[in-house]
Amino acid sequence: MSEDRGFVEELSDYEDDFDRWYVEVVRKAELADESPVRGTRVIRPYGFALWENMQAELDRRIKETGVQNAYFPLFIPQSMFAREAEHVEGFAPEVALVTRGGNRELEEPLVVRPTSEAIICPMYARWVQSYRDLPILINQWCSVVRWEERPRAFLRALEFLWQEGHTAHASLEEAEERSRLMLEVYRDFVETELAIPVVPGQKSESEKFAGALRTYTIEAMMGGKKWALQAGTSHNLGDHFGKVFDIEFLDAEGQRRFACNTSWGLSFRVIGATIMVHGDDRGLKLPPRVAPIQVVVVPIWRREAERDVVEEAVARVRDALTPVARVFVDRRDDKTPGWKFNEWELKGVPLRLEIGPRDVAKEQVVLVRRDTGEKQPVAMAELATVVPELLSEIQAGLFTAARRMLDDNTVPVTTYVELQQRAADNAGFSRAFWCGSEACEAQVKIETKATIRCIPFDQPGTTGRCIVCGGESDAQVIFARAY
RNA sequence: CGGGGUGUGGCGCAGUUGGCAGCGCGCGGCGUUUGGGACGCUGAGGUCGGAGGUUCGAGUCCUCUCACCCCGACCA
């Protein structure tokens with residue numbers, strides 16, 4: 001409509017050009033800006049505040065499982081990195097290498113960590129002699145570097161922020177338990193805090209982490225093209241890394257054994273997921289639990305005399321809400337209220353309070369929801385109870401809507417033609433039986449660009465025929481295109 | 001690394017057969033304004049991505065080069 005034409009013209013259409021919409025939202029909502037090096041971004045204060053809120057919630061959950069934080073170096077000697085064959089083969093194409101330090105060529109090049117198993121495991125080897133030294137449960141928050149050919153803001157960057165947890169255990173069973181536990185931590189975090197429903201499951205052999213015994217994943221469905229995004233992964237590394245990095249110990253019976261490891265990571269690509277799952281034509285829609293600003297207050301007045309009255313009411317409202325919500329008062333006097341409304345909607349703030357002379361006279365404010373656009377007057381005295389209720393209602397509503405998108409676009413398929421068609425139509429997730437052969441998996445990838453996102457834990461409990469070759473199959477998988 | 005595209009004030013763009021570098025938005029100042037992106041006046045801001053060439057004269061033509069974006073291959 002005419003009232004918002006000027007604003008809508010600034011964002012590309014969500015349905016028609018989702019990828020462009022995404023790029024524009026990232027920049028215009030001031031989450032991140034381009035930087036001089038291709039594939040790297042500056043995370044701006046608003047985007048970083050969002051990340052910090054996510055970090056705080058995930059960090060708390062990780063620590064509740066007995067894990068401690070630590071920090072390991074950025075550089076890894078190339079020879080050390082190269083010890084685990086599959087690992088180095090998997091990461092070689094995207095490794096950044098430092099060959100020069102100061103004025104000298106280095107005798108041995110240094111790998112800039114693309115992940116830290118190769119520097120953490122050797123340290124664990126020094127710290128472990130007895131089964132009494134196990135388990136080791138350590139996490140680090142850091143950035144890692146992977147030289148990606150095709151970067152996308154937050155989703156695939158040359159340098160990205162994440163946490164990587166690394167544990168060492170006396171038995172394979174314990175490592176398995178830990179890797180599953182951390183996947184569950186990720187599932188709970190992403191669904192509860194980010195309001196994004198996920199499909200937990202196991203990766204196929206060809207999609208698993210380089211060097212892992214098994215990889216577990218949570219897969220989310222993005223808006224727009226309904227592509228999949230791997231939102232977090234947890235690996236049971238078996239004793240591969242224990243053997244090559246000599247994490248050796250004596251067990252209770254005096255036998256020499258190698259430790260079993262796990263590693264698990266979740267990166268700031270979940271910011272990208274949050275944007276793509278909840279956003280709309282007007283911009284971001286941030287889940288209240290992680291939104292940097294939960295309530296924005298926009299004061300409105302005409303004359304100077306009104307200003308004092310409004311300011312006094314705004315101060316009272318701010319004081320009443322500060323204990324129960326993250327509040328920001330937009331006092332800029334070079335912007336009109338309408339301009340501010342649009343900007344805060346673009347930035348995804350869940351609730352907006354408008355306070356003008358008419359409201360002050362009635363001891364009320366006008367409260368507007370970002371998710372529904374609904375406007376309602378609320379008595380100032382009730383704000384401190386109404387606002388927290390609404391924030392949880394919005395959080396729940398976002399999850400419900402995202403759950404519906406995931407469910408509505410996840411369809412069981414029984415014929416290969418149907419699978420091809422759904423992949424070509426960007427129709428979402430296709431659930432199908434798969435015989436387990438890499439040949440069948442590769443054929444689907446080549447012919448449809450869809451990959452096996454995961455073998456969901458949640459299985460029908462029946463057997464079926466492989467979607468590709470018709471062979472016996474006892475497990476369904478999710479096929480989808482992915483970012 | 002293949003295919004396509006774009007480089008001109010901060011952003012978005014125009015610039016015709018080669019002839020004084022422009023427009024909108026934004027930005028500074030002053031004033032009026034403020035309930036869904038206000039308005040007037042005024043001002044600042046550019047070696048046209050880079051190098052070389054053709055020409056009396058190049059944003060425009062030629063050669064080379066660099067960067068970025070999109071589509072593929074590859075990937076948390």
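Give the range A:187-234 a look and list any residue that's away from RNA strand B (no atom under 11 Å from the Cβ) and either β-branched (Val, Ile, Thr) or not assigned by TED's automatic domain parsing to the domain that holds A:Glu89 (or both), or say none.
A:Val190, A:Thr192, A:Ile196, A:Val198, A:Val199
Examine the range A:330-340 for a residue that is within 11 Å of RNA strand B (Cβ to nearest atom), among the β-branched types (Val, Ile, Thr), not in a strand (DSSP E or B) and not assigned by TED's automatic domain parsing to the domain that holds A:Leu31, and state whether such a residue exists.
The answer is yes; a qualifying residue exists.
Would you mention how many residues in the range A:166-181 are within 17 Å of A:Thr233 (Cα to Cα) and either out of contact with any helix residue (DSSP H, G or I) (no Cβ under 6 Å at 6 or more places or on another chain) or in a loop (DSSP other than H, G, I, E, B) (or both)?
7
Any idea which of A:Arg100, A:Arg126 is in a strand (DSSP E or B) and in the same structural domain as A:Glu173 (by TED's automatic domain parsing)?
A:Arg100
So, A:Val366, is that one part of a loop (DSSP other than H, G, I, E, B) and at negative phi or not?
Taking the combined requirement at face value, the residue does not satisfy it.
Would you call A:Glu184 within 16 Å of RNA strand B (Cβ to nearest atom), outside any loop (DSSP other than H, G, I, E, B) and of a type in the set (Asp, Glu)?
No; evaluated as a whole, the condition is false for this residue.
Kindly provide the set of residues from the range A:425-473 that are without any contact (Cβ under 8 Å) to a residue 40 or more places away in the chain and β-branched (Val, Ile, Thr), ordered by number.
Across the range A:425-473, the qualifying residues are A:Val444, A:Ile446, A:Thr448, A:Thr462, A:Thr463.
Give me the residue from the range A:370-391 that is within 20 Å of A:Pro323 (Cα to Cα) and not hydrophobic (A, V, I, L, M, F, W, C) and, out of that set, surrounded by the most Cβ atoms within 10 Å (Cβ to Cβ).
Filtering first and then ranking leaves A:Pro388.
Just checking, which of A:Ala423, A:Ala427, A:Ala439 is in a helix (DSSP H, G or I), out of contact with any Phe, Trp or Tyr (no Cβ under 6 Å at 6 or more places or on another chain), under 20 Å from A:Asn409 (Cβ atoms) and outside the structural domain of A:Phe18 (by TED's automatic domain parsing)?
Working: A:Ala427 fails: in a helix (DSSP H, G or I); A:Ala439 fails: under 20 Å from A:Asn409 (Cβ atoms).
A:Ala423 is the lone residue from the list that is in a helix (DSSP H, G or I), out of contact with any Phe, Trp or Tyr (no Cβ under 6 Å at 6 or more places or on another chain), under 20 Å from A:Asn409 (Cβ atoms) and outside the structural domain of A:Phe18 (by TED's automatic domain parsing).
Being near RNA strand B (Cβ under 9 Å from one of its atoms) and among the acidic types (Asp, Glu) is the filter here, so list the residues in the range A:158-172 that pass it.
Within the range A:158-172, A:Glu159 is the sole residue that qualifies.
The values are calculated or read from the model by the stated rules, or taken from the named source; none is laboratory data. Quick caveat, the model's predicted, so the values are computed rather than measured. FYI the Cβ positions are ideal-geometry reconstructions off the backbone, even for glycines, and counts take in every protein chain you see.
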